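Encoded as structure tokens, the structure appears first; notes follow it.
Bear in mind these aren't lab numbers, they're just calculated from the coordinates by the rules spelled out. Being a predicted model, the structure only gives us computed values, none of them experimental. Counting neighbours? That spans all protein chains shown, and the Cβs are built from the backbone with ideal geometry, glycine included.
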Amino acid sequence: MTKHEAKERIEKLKREINHHRYLYHVLDRSEISDAALDSLKHELVLLERQYPELVTPDSPTQRVGGVPLAKFSKVSHGVPMLSLEDAFSKTDMSEWRGRIRKAYPGGDFRFFAEQKIDGFAISLTYENGVFVRGSTRGDGLVGEDVTANLKTIESIPLALEMENIREKTQKGGSTMRVSRKSKDIPKSLISSGILEIRGEVFMTKKTFEKINEERKKGGSTLYANPRNTAAGSIRQLDPAVAASRKLEFLAYALVTDVGQASHGREHELLEALGFKTDKTARECADLDEVFSFYNEIGNRRGKLEHQIDGIVVSVNDNATFEKLGVAGKAPRGAIAFKFPAEEATTRVNDIVVQVGRTGALTPVAHLEPVPIGGTIVSHASLHNQDEIGRLGLKIGDTVVVKRAGDVIPKVVSVLTNLRTGKERAFRMPARCPVCKEAVQREEGEVISKCVNKKCPAKNKEALAHFVSRKAFNVIGLGDKILKKLSDVGLISDAADIFFLEHGDLSPLERFAERSADNLIASIASSKKIALGKFLYALGIPHVGEETARLLAEQVKSQKSKVKSDEVLKVFQNFSLEALQEIPGIGPTAAQSIHGYFRTPHTEKLLQKLADAGIIIESPKRGAVAQTLKGMGFVLTGELASLTRDEAKDKVRERGGEVQSAVSAKTAYVVSGAHPGSKHEKAKKLGVRILSEEEFLKLLDSTF
Ligand code: IVH
């Protein structure tokens, strides 16, 4: 990028960041996520680092804090409400430890680690144990008085447990939980006139989802995330609004000095006083222990009831912490060790069309590689032309990309203000990019398709589908190996896979002896397959896993094992009408199945698979009592004791049907952890909801 281009980009970034900061800090609204905004700021920081002469005093990189609103009365913070420096890696953490050790060589550098709640910082003042005032952070020095709203939060005690403590202290501790910790409660805490406590107001993910569900029903726009919703609720003038929002408070600091020696001790005192504190928080002797805590919490992140964006690590010894002092707006003795953000901004370098197994053309965004959620993301599917239209995306645009957990990356929005004018519109090609045949897009359909039966791209994808987990499940036969085998002409259709010999594989470049052995063994062990999986593997258009299984159920074979040429005969005997009458199979799928078994290509393939020795097992009947026969099941949320696929198999084995959407025909909705909208839909329709435990019982009772 030339200096001139950098200058233009910097100007645009500054304007965009300021716009979002205003929405966020002043209006409690946001159009893009914190992570996306951070990502824009990061780009600006890098550019300004490269061209320091382009840094201006009005750059968002030169400012910290927010503007208090005029609508609440102002409160001055006796002790400023600081922010924290961020660390993103173990190296950042080691560097921090190096800095503080150097700043105060005589210090005690053991740590205290706790969750960093993604909420809204609040300061609470108690006079003689009574809650008198609560305020927001504001700009760190002056905040807003939001006492009335805070009083609606049940986890904020209106009166502290002073009596409780005093009594326990006098008795010298008893068997009660608080008393164990409070037996050495300092006298100064009990007699202290004024106590200041700080912590985070937040909204649980569940409450947030409920609120949005309601808003959806009422046709209102949806809230962006729990953090902003919590912040917005606290800054409402009408406390009735805050009361209806089920907010929570978690205390993390006792600001008043009552002689507490460590941050860990502060947590104990806060708990004794009646505050909710982070139960997972703990002392860490060194950074290795901090890293273990970080990993543990990171792994549990998705399952926690609230959102967190990292951990806070403090020097545990308060004397050392004080000595270290403040640098800028942050205390030197504490740091936020952030989890990888789940969103980032990046540029779309190109949009490339891929051809799938069914011939569907999928536009894929080729992105400037960007780390998101701990991995580098360089591609995101754009699904179809309509999606690109909905996003208003052009090649060259800066976009917000999201990748949460194991979810595939997704382009969420386009930052059109950052356009230079050089962006190019994308059009779906009229010809297949691989075989160059004309593509078709049916009336009313969103997908364009290559209909050339011989298209090599389709063939490659069909092979990958054939060996995939839910089909033949050939372990070790990934895309790269499949490509290599097709390139050298060893396989041209799926059946060829079963004719491969050790000697075919071992001469291949980088195909070591061992892996050739393993692959041959793995192929041999997949020769036996259930009929449902076999039908799914064939990749018949409009036949997914469930339709394939329903179809398999129709085969009332006397034999438990058949060959694939026999399967062909069986299905050729099904008339279109007979297929259409199978419950759960729609007219499009019926038509497709009917056509599929009548093509010479299918006949040839199934004959070849029979010759290769593929053994197909008909559905076992009578092995498991069909106690769920005729019952429709919908699964939502995560189950702890079995995977989604295992749960589906169990329902099906017992004659039940797994449905993808809740309807009046659904018998049960099985609801695991973090259930989605299906749970709500079931409630609305009065469909019986089963917990995991109830579901397991129901399955058990089928034996
Ligand atoms: S300690 C000097 N502990 O993170 C500030 N902060 O980025 C001391 N936060 O404004 C903060 N959970 O709103 C601390 N367990 C925790 C926290 C926490 C969330 C927030 C807090 C602060 C921001 C700093």
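I need the shape label for region 652-700. Rule: rounded when a/c is under 1.5, else prolate if a/b > b/c, else oblate, with a, b, c from the alpha carbon gyration tensor. Cα axes put region 652-700 in the oblate bin.
If R0 is taken as 60 Å, the Cβ-Cβ distance between GLU501 and ALA425 corresponds to a FRET efficiency of 0.75. Under 5 Å between amide hydrogens, built in the peptide plane, is the criterion, and for SER413 it picks out VAL400 among residues at least 5 positions away or on other chains.
Let me have the 222 nm mean residue ellipticity of the chain computed from DSSP H runs of 4+ only, each contributing -39500 (n - 2.57), with the sum over all residues rounded to the nearest 500. For the chain, the value works out to -10500 deg cm²/dmol. With bins 5 Å wide beginning at 0, the percent of Cα pairs of region 551-703 falling in each bin runs 2, 8, 15, 16, 15, 14, 12, 10, 6, 2, 0. Starting from 0.36 nm per residue, how many nanometres of slack lie between LEU685 and GLU296 once their C-alpha separation is accounted for? Contour length minus Cα-Cα distance gives 136.1 nm. Taken over region 382-499, the alpha-carbon convex hull comes to 168 cubic angstrom per residue.
The H on the amide N of VAL142, modeled in the peptide plane, is under 5 Å from the matching H of HIS77, each at least 5 residues off or on a different chain. Return the FRET efficiency for the residue pair GLU31, ASN473: r is the Cβ-Cβ distance, R0 is 56 Å, and the value is rounded to the nearest 0.05. My answer for the efficiency is 0.80. Of all aspartates and glutamates in the structure, those lying under 16 Å Cα to Cα from LYS681, and not within fewer than 8 positions of it along the same chain, are GLU209, GLU213, GLU214. A simple charge model with +1 on the Cβ of Lys and Arg, -1 on the Cβ of Asp and Glu and nothing else charged puts the dipole of region 304-373 at about 160 debye relative to its Cα centre. Determine the sum of side-chain charges near TYR294: Lys and Arg each +1, Asp and Glu each -1, restricted to other residues whose C-beta is under 15 angstrom from that of TYR294. Residues close to TYR294 contribute a combined charge of -3.
The order of GLU248, GLU692, going from fewest to most other C-beta atoms within 10 Å of their C-beta, is GLU692, GLU248. With the simple model of a label 7 Å out from the Cα in the direction of the Cβ, ALA240 to ASN518 spans 6.6 nm. Helix 34-50 sits at what angle to the longest principal axis of the chain, using alpha carbons and giving 0 to 90 degrees rounded to 10? Approximately 80 degrees, to the nearest 10. Across all C-alpha atoms in region 235-299, the radius of gyration and Dmax reach 16.0, 47 Å. Sorted ascending by nearby beta carbons within 10 Å, beginning with the fewest, VAL669, VAL290, VAL412 become VAL412, VAL290, VAL669. Rg of the Cα atoms in region 196-262, relative to 2.2 N^0.38 Å, amounts to 1.42. The aspartates and glutamates whose alpha-carbon is closer than 12 Å to the alpha-carbon of LYS569, local same-chain residues fewer than 8 away aside, are GLU603.
Given R0 = 22 Å, the distance between the Cβ atoms of THR599 and GLU437 translates into a calculated FRET efficiency of 0.75.
Over the chain, all Cα pairs binned in 10 Å intervals from 0 give whole-percent P(r) values of 2, 11, 17, 21, 18, 14, 10, 5, 1, 0, listed from short to long. Against the chain, whose longest principal axis is taken from its Cα atoms, helix 644-653 shows a tilt of about 50°.
Taken over region 93-136, the alpha-carbon convex hull comes to 166 cubic angstrom per residue. Legend note: in the chain, cysteines whose Cβ sits 4.7 Å or more from every other cysteine Cβ are CYS284. Checked against a 29 Å cut-off, the cross-linked pairs LYS454/LYS563; LYS216/LYS629; LYS3/LYS338 give Cα-Cα distances beyond that limit for LYS216/LYS629; LYS3/LYS338. Taking Cα atoms only, the orientation of helix 3-21 departs from the longest principal axis of the chain by about 70 degrees. Think of the chain as a dipole: +1 on every Lys or Arg Cβ, -1 on every Asp or Glu Cβ, centred on the Cα centre; then among ILE297, ALA113, SER468, SER468 lies furthest on the positive end.
At full extension, ASP86 and LEU222 could sit 46.0 nm farther apart than now, given 0.36 nm per residue minus the alpha carbon distance. Separation of the alpha carbons by more than 31 angstrom is noted, of LYS14/LYS422; LYS116/LYS410; LYS303/LYS528, for LYS303/LYS528.
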